[in-house]
Amino acid sequence: MRYETAKDWRAAPRKRVVLFAMSGLGKTHVSSILREGGDWFHYSIDYRIGTRYMGEYIADNAKREAMKVPFLRELLLTDSIYIGANMSFHNLKPVSAYLGKPGDRDKGGLPMETYLQRQEQFRRAEEQALLDTSFFINRAEELYGYPHFICDTGGSICEWVDPEDPEDPILTDLSSEALMVWIRGSETHTEELVARFDKAPKPMAYQPEFLADAWARYLHETGVAESRVDPDAFIRWAYAQALAHRQPRYEAMAKNWGVTVDAADMASVRDEADFVEAIAAAMPA
């Protein structure tokens, strides 16, 4: 690890951290607290994906819908209006909306072929955004003068890496630059995440093998044809299984590549000093 002990970590003049966890466990919240303190550069993987690697896909999809409306079509063809995604660290809905959900078109679903294509686009985008971390570490210090850096990863990071492979390219690159920190949720957190998702199911990115298996099992268990699947019903069904699928992957990432901080401890962070101590408590003295 970049910082072997709590003493090393506390004394480091330049602190660099990569947070990973399921969405909803405080990565962006803590990153925002540190950013607002003035000394930390906040690099959001999801924001980078949406603005750098999937921006054209998202904008073109919106334009495709607008072209179906005669009034908007004429304005687009004459370059009289501009259509683009208005993304921020706290509003990444354009990415989520583009990923979509598989199932019945009449219920807002996508054909599985289109859904898989967008999943693959997202995988490539997230992998590249993760590998851009070192570039932003250097940029943050050399261009803006930030001494500290925090990378706020997406919940699907564990889908694209092999934590048991000591030569995994993404984990090797990230851990050489920063301290990998897993925010570990409890069973109560899991229940809360499932309940929150059930109220407002959102598109997600899945490992291809997991998605193929989940889709096949769902069709078999429900007896519903692909074109008649309720998109929200499927992703609700898949979400709890995705949590169980990801948990051991996160755990292996923390065991082999970083440290673990309980979500309850991270939730108590109010400023940089709290954050530094929360990390230090997870490291050898």
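The values are calculated or read from the model by the stated rules, or taken from the named source; none is laboratory data. Small disclaimer: the values here were computed from a predicted structure and weren't measured. Note that each Cβ is placed from the backbone with ideal geometry, even for glycine, and that neighbours are counted across all protein chains shown. Note: accessible area is taken over every heavy atom of the protein model, side chains too, but ligands, DNA and RNA are not part of it. Shrake-Rupley method; radii C 1.70, N 1.55, O 1.52, S 1.80 Å.
Which chymotrypsin sites (Phe, Trp or Tyr not before Pro) in region 94-149 sit in a loop by DSSP (not H, G, I, E or B) and have at most 14 other Cβ atoms within 10 Å of their own Cβ? Intermediate results must be reported in sequence, preceding the final value.
Working: sites: Tyr98, Tyr115, Phe122, Phe135, Phe136, Tyr144, Phe149; in loops: Tyr144.
Taking region 94-149 and a limit of 14 other Cβ atoms within 10 Å, the loop chymotrypsin sites (Phe, Trp or Tyr not before Pro) found are Tyr144.
Set the Förster distance to 30 Å, then compute FRET efficiency between Arg73 and Ser227 from the Cβ-Cβ distance, nearest 0.05.
Values: r = 28 Å, r/R0 = 0.93.
Computed FRET efficiency for Arg73 and Ser227 comes out at 0.60.
So what is the diffusion coefficient of region 152-285 in µm² per second by Stokes-Einstein at 37 °C and 0.692 mPa s, using a Kirkwood Rh over Cα pairs? Write out the running numbers ahead of the final one.
Values: Rh = 16.9 Å.
Reported coefficient: 195 µm²/s.
Under a 10 Å cutoff between Cα atoms, tell me which one of Gly258, Gly50, Gly223 has the largest fluctuation in the Gaussian network model of the chain.
Per the Cα network of the chain with a 10 Å cutoff, Gly223 tops the list.
What does the charge dipole of the chain about its Cα centre add up to, to the nearest 20 debye, if the Cβ of each Lys and Arg holds +1 and the Cβ of each Asp and Glu holds -1?
Value, rounded to 20: 660 debye.
Per 10 Å bin, what percent of the C-alpha pairs of region 69-167 does each bin hold, from zero upward?
All Cα pairs considered, the percentages come to 11, 26, 33, 19, 9, 1.
Need one number: % antiparallel among DSSP beta bridges in the chain, to the nearest 5. Kindly include the intermediate steps, with their values, before the conclusion.
Working: 1 of 20 bridges.
That works out to approximately 5 percent antiparallel.
May I ask which residue of Ala244, Ala263, Ala278 lies farthest towards the positive end of the charge dipole of region 236-285, with charges of +1 (Lys, Arg) and -1 (Asp, Glu) on Cβ and the Cα centre as origin?
Farthest along the dipole direction, towards plus: Ala244.
Show me 83-89, 172-178 ranked by packing, highest mean number of other Cβ atoms within 10 Å first. Mind dumping the intermediate values first?
On the way: 83-89: 14.1, 172-178: 18.1.
Most protected by this proxy first, the peptides run 172-178, 83-89.
How big, on average over all directions, is the shadow cast by the Cα convex hull of region 125-219, in nm²? The partial results should precede the final answer.
Values: hull surface 34.5 nm².
Result: a mean projected hull area of 8.6 nm².
With every protein chain present, what is the per residue accessible area of the chain (1.4 Å probe, Å²)? Walk me through the intermediate numbers first.
Values: 14260 Å² over 285 residues.
Here the per-residue accessible area is 50 Å².
What would the Debye equation give as log₁₀ I(q)/I(0) for region 1-71 at q = 0.23, 0.24, 0.26 Å⁻¹, counting only Cα atoms as equal point scatterers?
Once normalised to I(0) and log-transformed, intensities are -1.09, -1.12, -1.17.
Name the residue from Trp9, Ala62, Gly24 whose Cα lies farthest towards the positive end of the charge dipole of region 1-124, charges +1 on Cβ of Lys and Arg and -1 on Cβ of Asp and Glu.
Trp9
Would you mind getting me the FRET efficiency between Glu113 and Asp198? Use the beta-carbon distance for r and R0 = 22 Å, nearest 0.05. Write out the running numbers ahead of the final one.
Working: r = 27 Å, r/R0 = 1.25.
Efficiency, from the Cβ-Cβ distance: 0.20.
In whole Hz, with x marking every Gly and Pro, tabulate ³J(HN,Hα) for region 198-208 from phi via Karplus 6.51 cos²θ - 1.76 cosθ + 1.60, θ = phi - 60°.
5, 6, 9, x, 10, x, 9, 9, 10, 4, x
Across 5 Å bins from the origin, how do the percents of Cα pairs in region 137-188 run, short distances first?
Once binned at 5 Å, the Cα pair distances of region 137-188 give 4, 15, 21, 23, 16, 13, 6, 2, 1.
Given a 1.4 angstrom probe, I'd like the percentage of the accessible area of the chain that is carbon and sulfur, rounded to a whole number.
On the way: 7040 of 14260 Å².
So the carbon and sulfur contribution to the accessible surface is 49 percent.
What number, in nm² with one decimal, is the all-direction average of the projected area of the convex hull of the alpha-carbon atoms of the chain?
Numbers: hull surface 66.3 nm².
Averaged projected hull area, Cα only: 16.6 nm².
As a test of the formula, what do you get for the chain when each DSSP H run with n ≥ 4 contributes -39,500 (n - 2.57) and the sum is divided by the residue count, at 222 nm and rounded to the nearest 500 deg cm²/dmol?
On the way: 14 runs with 156 residues, N = 285.
It comes out at -16500 deg cm²/dmol, rounded to the nearest 500.
Would you please give the FRET efficiency between Asn256 and His29, computed as 1/(1 + (r/R0)^6) with r the Cβ-Cβ distance and R0 = 41 Å, to the nearest 0.05?
Values: r = 26 Å, r/R0 = 0.64.
In this case the efficiency is close to 0.95.
List the lysines whose Cα lies under 29 Å from the Cα of Lys27, skipping any in the same chain that are fewer than 8 positions away.
Counting by Cα, and skipping residues close in sequence, Lys27 has these lysines nearby: Lys7, Lys15, Lys93, Lys101, Lys199, Lys202, Lys255.
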